[in-house]
Amino acid sequence: MSMFNKVIASIGIGSATVDTKVKRAYIQQGELLEGVVEVKGGNTDQRIESIDLKLMTMFGHEGGDRLSPVIVEVHQLNEPFTISKGEKKHIPFSFKVPLDTPITMIHPETHKNVPPVWIDTGIDIKNAVDPKDRDCVSVDPTTVHENIIDAIKVIGFKFKQMESQNTPAWVKTNRPFVQQYEFTPSFGKYSRKLDELEVYILQGDHETTIYFEIDKRSKGSMAVLKEKFNLDEHRGSVTLDNQEILLKRSRVSDVFEEIIDEVL
């Protein structure tokens with residue numbers, strides 16, 4: 001009977017199972033993600049080589065509808081051990097969510113979380129089908145992110161949408177993805193001069209680099225040609241101290257006004 005149990009467990013029937021439970025389903029960028037992985041033994045003893053927690057997300061590709069999964073962070077939970085028949089093990093975990101983990105929020109039109117962020121839990125069992133578990137989490141922005149977004153709104157912009165996309169060549173990051181925020185002018189001096197403002201926020205431990213693309217509103221007979229060849233777009237970046245962003249949000253507004261005024 002024992003040999004039979006080992007054979008069927010090797011193809012996933014009656015094998016060990018895994019269930020990951022996070023302490024909080026809502027987490028902020030840069031905070032600790034805590035929880036417990038519950039491993040339940042199957043119909044026979046099995047050797048667990050490793051348990052990996054992968055923080056995952058999806059990103060899109062400009063000009064298409066294709067979405068690609070990507071690993072944001074990997075956390076190995078344990079050393080090899082044996083789970084006995086019917087045994088239950090509760091293994092606590094804690095790891096830091098990277099600052100560049102995409103934030104999830106409600107899209108104003110679709111009312112869906114964009115983009116998704118989740119934990120893939122995988123158990124490596126010797127000579128067996130590996131059990132898996134998936135748990136979604138909601139990621140909130142840091143105060144630095146919030147202050148930058150609010151500072152842009154103050155000077156007359158309305159938040160349009162947010163998406164994760166493949167990293168543009170001019171944005172400097174080791175990640176294959178980056179989160180893009182899109183704004184449109186809604187009032188003030190930019191309402192008839194700009195079409196759109198795109199922003200990428202790359203926060204570090206001490207300072208944050210903000211990449212931006214300013215889309216001027218084209219007029220006259222050359223307008224179509226300018227838009228076709230992106231001649232109305234202006235790109236750049238600015239790096240600010242995190243404490244300055246936290247304590248002087250108006251300074252961020254002033255910086256963006258100076259940048260946009262120079263372009264115009």
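So here's what we get for this one:
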{"quantity": "Long-range HN-HN contacts of residue 177 with modeled amide H, under 5 Å", "calculated": "167"}
{"quantity": "Charge context of residue 40, other residues only, Cβ under 11 angstrom, K/R +1, D/E -1", "calculated": "0"}
{"quantity": "Carbon plus sulfur fraction of accessible area for region 162-223, probe 1.4 Å, in percent", "calculated": "46"}
{"quantity": "5 angstrom amide H check on residue 194, placed H, neighbours 5+ away", "calculated": "217"}
{"quantity": "Surface accessible to a 1.4 Å probe, per residue, for the residues of region 27-106, Å²", "calculated": "49"}
{"quantity": "Contour minus Cα-Cα distance for residue 154 and residue 136 (0.36 nm per residue)", "calculated": "3.2 nm"}
{"quantity": "Amide H within-cut-off set for residue 72, under 5 Å, with H built and near neighbours excluded", "calculated": "55, 56, 57"}
{"quantity": "When each of 40/96; 21/96; 88/132 is checked by Cα-Cα distance, pairs over 18 Å", "calculated": "40/96"}
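The values are calculated or read from the model by the stated rules, or taken from the named source; none is laboratory data. All figures in this text were calculated on a predicted structure; none of them were measured in a lab. Heads up, the Cβs are rebuilt from the backbone with ideal geometry, glycines too, and the neighbour counts pull from every protein chain shown. All accessible areas refer to the heavy atoms of the entire protein, side chains included, with ligands and DNA or RNA removed. Shrake-Rupley method; radii C 1.70, N 1.55, O 1.52, S 1.80 Å.
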